[in-house]
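Structure, as structure tokens:
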Amino acid sequence: MSKNFPASGLSEEEVSALLEERLAEDLTFTSGHILGSMCSQPHPFAAEIFRRQLEKNIGDPGLHPALAKLEEETIGILGNLFSNPHAVGSIVTGGTEANLLAMWTAKNRAPAERREVVLPETAHFSFEKAASLMDLTLIKVPTGPDNRVRVEEYKRAIGPRTMALVAIAGTTGLGAVDPLDTLSPLAVEHNLYLHIDAAFGGFVLPFLESAGYPPGGSAFDFSLKGVSSITLDPHKMGRCPIPSGCILYRNEEISGSSTTHVSYLAGGKTRQRTIVGTRSGAAVAAVWATLQHLGFEGFTQVVRECMENTFFLMNQIKLMNGVESVVQPTMNVVGIRPTGCSPDELARRLRGRGYALSLFPGFLRITLMPHLNREYLESFLTVLREGVKNG
Ligand code: PLP
């Protein structure tokens with residue numbers, strides 16, 4: 001590793017060769033060895049559109065008014081998918097930025113004495129970041145055996161200092177959907193901001209039924225009257241390149257509390273609804289193009305294939321000695337637990353054989369993303385069989 005600033009430049013060929021060599025040890029989605037990521041290989045068309053629009057900065061929308069309209073349209077299309085064609089929002093860097101924005105918006109709308117956020121213990125760590133950045137207190141509510149938050153305890157956690165409620169439509173660990181239809185009336189009753197984190201579930205849940213699978217156990221969108229905002233990530237199951245996240249707000253009035261007005265940009269006076277300033281216009285174009293290209297049918301097919309692979313893997317694991325599944329999957333996420341060694345030990349053995357799974361307390365997570373096909377899963381199962389048998 002040389003940290004010296006290069007004195008003179010190398011040719012493009014030399015740098016490319018060097019880069020290939022330097023990055024050779026990185027895992028790739030095309031190897032079929034990444035089983036623990038919620039990201040995937042982007043759709044080739046989305047990647048191409050992204051490349052073509054690379055120079056666009058949608059943080060300065062006056063320079064790119066056509067792209068700004070495209071973003072508005074994209075938000076409208078996604079709002080429609082989530083039962084609210086009037087939703088407003090932004091294409092952001094990912095689930096973390098969207099969750100930070102939701103908490104920032106909720107904070108700006110709440111009186112200063114309200115700084116507690118009630119959320120399931122399964123919530124993503126981006127809420128820890130929000131708490132640290134904004135001096136919020138997280139009131140974590142336990143989940144039941146089905147990995148959904150316990151409603152009675154959730155109700156009890158709401159108090160005079162509550163600023164916002166959070167629920168998850170597709171938990172990071174096991175893809176569980178909280179009982180949102182029961183939680184939403186609580187937000188209405190207490191007049192509280194309710195944010196739904198559907199970063200992963202956002203591009204799975206709307207397509208489950210049409211793909212032939214049970215719909216996830218609860219409504220998860222703006223049809224629930226209490227919902228103020230929703231996070232969904234095109235760069236997870238939406239087949240889009242990183243960075244593509246999305247925040248949807250129920251209406252302009254809610255979003256207005258985290259909008260910054262800017263007077264000096266080259267494109268003229270404008271407003272930004274995001275945390276970051278300069279922002280990838282390529283991501284906006286790629287999300288719009290992917291929605292247009294795949295359509296509802298295309299996304300249904302993506303979800304159907306991922307779910308078929310999920311149940312194929314589940315059935316094989318049920319037949320295997322030395323490992324068991326943690327829960328019946330709601331979406332394309334499988335939790336496994338070895339019976340003869342610790343999950344940490346199994347993760348280490350698999351990594352030693354080139355496979356990357358996610359390690360959670362008490363189990364390993366496999367996400368059946370679009371880059372995984374049956375052949376890859378067969379190879380993984382062979383390695384898993386060896387891994388649970390011996391070191
Ligand atoms: N929310 C949920 C439920 C997630 O699973 C994740 C990431 O896995 C995030 C938020 C954060 O997303 P990102 O890594 O894109 O910031």
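Could you pull out the residue among VAL284, VAL276, VAL303 that is surrounded by fewer than 16 Cβ atoms within 10 Å (Cβ to Cβ) and among the β-branched types (Val, Ile, Thr)?
Going through VAL284, VAL276, VAL303 in turn, the sole match is VAL276.
If we keep just the residues of region 192-213 that are in contact (Cβ under 8 Å) with a residue 40 or more places away in the chain and more than 14 Å from the ligand (Cβ to nearest atom), which is surrounded by the most Cβ atoms within 10 Å (Cβ to Cβ)?
Going through the qualifying residues, I end up with TYR193.
Identify all residues within region 317-328 that are crowded, with 16+ Cβ neighbours inside 10 Å and part of a helix (DSSP H, G or I); write none if there are none.
ILE317
For (1) under 21 Å from GLU72 (Cα atoms); (2) surrounded by fewer than 22 Cβ atoms within 10 Å (Cβ to Cβ); (3) of a type in the set (Ser, Thr, Tyr), each residue gets a yes or a no:
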site	(1), (2), (3)
GLY226	no, no, no
THR231	yes, no, yes
CYS240	yes, no, no
THR260	yes, yes, yes
GLN272	yes, yes, no
GLY298	no, yes, no
THR310	no, no, yes
LEU313	no, no, no
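Given region 118-208, what helices (runs of 4 or more DSSP H) lie entirely inside it while holding 3 or more residues that are over 17 Å from ILE230 (Cβ atoms) and assigned by TED's automatic domain parsing to the domain that holds GLU97?
126-134, 151-157, 180-190
May I ask you to list the residues in region 242-254 that are within 16 Å of the ligand (Cβ to nearest atom) and surrounded by 23 or more Cβ atoms within 10 Å (Cβ to Cβ)?
Across region 242-254, the qualifying residues are SER244, GLY245, CYS246, ILE247, LEU248.
So which of ASN84, ASN147 ends up being more than 16 Å from the ligand (Cβ to nearest atom) and either crowded, with 17+ Cβ neighbours inside 10 Å or closer than 17 Å to ILE168 by Cα (or both)?
Result of the check over ASN84, ASN147: ASN84.
Between a first residue in region 55-68 that is at negative phi and among the polar types (S, T, N, Q) and a second residue that is assigned to a loop (DSSP other than H, G, I, E, B) and surrounded by fewer than 17 Cβ atoms within 10 Å (Cβ to Cβ), which pairs have beta carbons less than 8 Å apart while being 6 or more apart in sequence or on different chains?
ASN57/THR278
Which of the residues spanning region 330-381 are without any contact (Cβ under 8 Å) to a residue 60 or more places away in the chain and assigned to a loop (DSSP other than H, G, I, E, B)?
Of everything in region 330-381, those that are without any contact (Cβ under 8 Å) to a residue 60 or more places away in the chain and assigned to a loop (DSSP other than H, G, I, E, B) turn out to be THR339, GLY340, CYS341, SER342, ARG353, PRO361, GLY362.
The values are calculated or read from the model by the stated rules, or taken from the named source; none is laboratory data. Source: prediction; values computed, not measured. A quick note on method: Cβ atoms are made from the backbone with ideal geometry, for glycine too, and the neighbour counts reach across all protein chains shown.
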